[in-house]
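Let me begin by presenting the structure, written as structure tokens, before commenting on it.
The values are calculated or read from the model by the stated rules, or taken from the named source; none is laboratory data. Given the structure is predicted, the values throughout are model-derived calculations rather than measurements. Virtual Cβ from ideal backbone geometry, glycine too; neighbours counted across all protein chains shown. Accessible surface is based on the protein model in full, side chains and every heavy atom, while ligands, DNA and RNA are left aside. Shrake-Rupley method; radii C 1.70, N 1.55, O 1.52, S 1.80 Å.
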Amino acid sequence: MPDAIVFVLSGGALCLAVLLAVYLRERALRKTQAMPAGLQTHISLPHQAEWTLYHNPFSLCSKKIRVCLAEYEVDYQGVIIDLIETGKYQNISRDFLRVNPGATVPVLLHNGHPVYESHEQVSYVAEQVDASWLLVPKDPVVRECMREWLHKSSLIGDDPIAAPEATAGNAVPGLTIPIFASMVAKIPALKIFEGLLFHRIKQRAVFFFMMKLAGLSKTMTLRPVDRIINRSHQAMTAHLDDLEQQLISSRGPWICGTQFTLADVGMMVIFDRLREGDWLQLLVHNRPVLEAYWFALRRRPSYQQGCLAFEHPHVSAATAELVGLKQAQRWPAGIPH
Ligand SMILES: N[C@@H](CCC(=O)N[C@@H](CS)C(=O)NCC(=O)O)C(=O)O
């Protein structure tokens, strides 16, 4: 073999070996693992305030804990963590993985101890504050109702898209796909690629990369995506039927009756996501009981403080794009609208 070719091949092999070494070192520094739910007293993280919240403006679960903190008027130090749809994969950065090796937001710190999973966080805050009863009914029967509906509004597991029938929270990610696809169009592919290398939950990174390559309109016509959105839509319809019945039997205005509870916090953020994804027309506006409930939710100051105050420009642009596609009759035929 000529010397020049040998030189080029060995140079190439050396480059590959260096890249592999850099990648393996970086992976070792970005340790990820699923974390148990709830308060972790054995973990202590640097903090300056009694309460610290690592959160993202757009994330559904971040909205839930922000609304809860606003309802209880708990002061907290907020640390915004970007997710790929809002700009970059800050949730898989070395710094954030020290806070949550699970690579997800929100994370609530109480005196430096992390609490993982948003439904655990809202219950934990309610236990710690003096005026717990504000969102947690004193009556055990009503409290049980609250627990049941808090669960129904929760996002459970790493792959909620696979089980939208389980909870209304799990039916949300599938209905968020059009917003995600619109938002990632603005993000450079290289940044999304980082997720393929380092994200703990690989299927999420693969999904985002696929949406980036396909673009919004094409994404929605892909068979698996069409199936996920339709299945999530069907599941959400059933969850909302259930909610409607509950509001009728509790006589409202809230899920468990006259008291606004943690269950309504969980449901508020789901309705807000339906607003962002332009699903309200189809799922809520034609149902007077749900429409009245949504109206009541929007009137709470915590809705302004925990949801609207964090409106992300990329999300508003995505909503406008979805509305525009429908108005221009360019919405894919297979997706309900
Ligand atoms: N079940 C968890 C869900 C956590 C979760 O999946 N968070 C999303 C935002 S709502 C996230 O961090 N996504 C970023 C990613 O997976 O890259 C909770 O309720 O806190």
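Here is how the numbers come out for the structure above:
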{"quantity": "Summed side-chain charge close to Ala189 - residues other than Ala189 whose Cβ falls under 13 Å, Lys, Arg +1, Asp, Glu -1", "calculated": "+3"}
{"quantity": "Max mean-square fluctuation residue, GNM over the chain, Cα-Cα springs under 10 Å, options Thr104, Thr41, Thr176", "calculated": "Thr41"}
{"quantity": "Percentage relative contact order, the chain, counting C-alpha pairs under 8 Å, at least six apart", "calculated": "20"}
{"quantity": "Cleavage-rule hits (GluC sites (Glu not before Pro)) in region 73-127: DSSP loop, at most 16 neighbouring Cβ within 10 angstrom", "calculated": "Glu73"}
{"quantity": "Surface accessible to a 1.4 Å probe, per residue, for the residues of region 184-320, Å²", "calculated": "45"}
{"quantity": "Amide H within-cut-off set for Gly78, under 5 Å, with H built and near neighbours excluded", "calculated": "Leu53"}
{"quantity": "Within-9-Å neighbourhood charge of Phe260 [Cβ basis; K, R +1; D, E -1]", "calculated": "-1"}
{"quantity": "Principal semi-axes in Å for the chain [√(5λ), Cα gyration tensor, largest first]", "calculated": "38, 27, 15"}
{"quantity": "HN-Hα J in Hz across region 139-156 - Karplus 6.51, -1.76, 1.60, θ = phi - 60°, x for Gly and Pro", "calculated": "5, x, 5, 5, 5, 5, 4, 4, 4, 4, 7, 5, 5, 4, 8, 7, 9, 10"}
{"quantity": "Net charge contributed by nearby residues that have their C-beta within less than 14 Å of Ala131 (K/R +1, D/E -1)", "calculated": "-3"}
{"quantity": "Table column - 3J(HN,Hα) (Hz), region 299-308, Karplus curve with 6.51, -1.76, 1.60, x for Gly and Pro", "calculated": "7, 6, x, 5, 5, 5, 6, x, 10, 5"}
{"quantity": "Surface share of carbon and sulfur [accessible, 1.4 angstrom probe, percent] for the chain", "calculated": "58"}
